[in-house]
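Have a look at the structure below, then the notes.
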Amino acid sequence: MSNKQIWLITGAGRGMGVDIAKAVLAAGHAVVATGRDLKRVSSALGAQADLLTVKLDVTSLDGAKAAVSAAVDRFGRIDVLVNNAGNFYAGFFEEITPDDFRAQIETTMFGPMNVTRAVLPIMRAQRSGLVIAISSTAGIVGQEFCTAYAASKFAVEGWIESLTPEVAPFGIRTMLVEPGFFRTELLTPQSTNYAKPSIDDYAKRTEQTVAAWNGMNGKQGGDPAKLARALVRLANQNPPPLRFAAGADALATIEKKANALLVQVHAYEELSSNLSIDNG
């Protein structure tokens, strides 16, 4: 990868995307910062020589292709793609409407797929590049009230894991980033859509969960600016890690899941091992 890299970052109008863009610019690289609200992106990052802002709704493949064209027209290449744009449809599965569940998948699964689909031909032609997907510990461990979000993040994990060997022969790397709780805007009303309570059986737990999350908003332990600087550093590792657990809480969560998987697979080891067709 050249010394001066060109980064394309989605969801760069607020939250983690702004911090990532600032860290990349501070490191002397160029940034194509995209977001649905171009004014918000521009006001968050200001005007800089190595900054191009482009309007992009990641749910549009045509929009993704247009943003990639604008990036290449301006800078000639794309070295790092950060799939960061996201939102959060929260609630118990029975209360999340099918339309809202699909909307979650549309943004946080098909969104990064659209932008990556638009970027890969450029990276293949260069025979280099790094695709970063901002996943979540919810892509490793499911939990109540997160069925839609976890489903989309688990999908991102499987997609990137499978994409990795497909693009490796062209010098293209991938990195899954699994943040724990960072002090971003994910739990704000602008990013979180709560399912409308409709089933009495869930009412009390919904009330408790929403209250707990509202209480957590703005008090999360992770520093997004530190994570942003870590990503700039990791992008320059050769090779970059396939996975990065972002935060001490993420480390603990992923380790606990890994241990639980081992316990689960060994619990019925004998039965699992004796399912072959008997020959004779």
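Summary table
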{"read-out": "Among the residues listed as ASP19, ASP99, ASP62, the single one being surrounded by fewer than 21 Cβ atoms within 10 Å (Cβ to Cβ) and under 25 Å from ALA138 (Cα atoms)", "value": "ASP99"}
{"read-out": "Residue match in the range 237-247 (condition: crowded, with 17+ Cβ neighbours inside 10 Å, among the aliphatic types (A, V, I, L, M) and over 24 Å from PRO165 (Cα atoms))", "value": "no"}
{"read-out": "Residue count for the range 62-82, restricted to those that are in a helix (DSSP H, G or I) and among the charged types (D, E, K, R)", "value": "4"}
{"read-out": "Total residues in the range 112-161, condition assigned to a loop (DSSP other than H, G, I, E, B), of a type in the set (Ser, Thr, Tyr) and touching a Gly at 6+ places or on another chain (Cβ under 9 Å)", "value": "2"}
{"read-out": "Where a residue in the range 201-214 is at negative phi and its partner, wherever it lies, is modelled with pLDDT under 95 and part of a helix (DSSP H, G or I), with Cβ under 6 Å and at least six apart", "value": "none"}
{"read-out": "Unique residue being at pLDDT below 95, of a type outside the set (Phe, Trp, Tyr) and in a strand (DSSP E or B) when the list is ALA33, ALA47, ALA90, ALA85", "value": "ALA90"}
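Each row is one residue, and each column tells you yes or no for (1) under 21 Å from MET109 (Cβ atoms); (2) out of contact with any helix residue (DSSP H, G or I) (no Cβ under 9 Å at 6 or more places or on another chain).
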| residue | (1), (2) |
| --- | --- |
| ALA47 | no, yes |
| ASP50 | no, no |
| VAL54 | no, no |
| ASP57 | yes, no |
| ALA64 | yes, no |
| ASP73 | no, yes |
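The values are calculated or read from the model by the stated rules, or taken from the named source; none is laboratory data. Keep in mind that this is a model prediction, so the values were computed, not measured. As a convention, Cβ positions derive from the backbone with ideal geometry for all residues, glycine included, and neighbour counts pool all protein chains shown.
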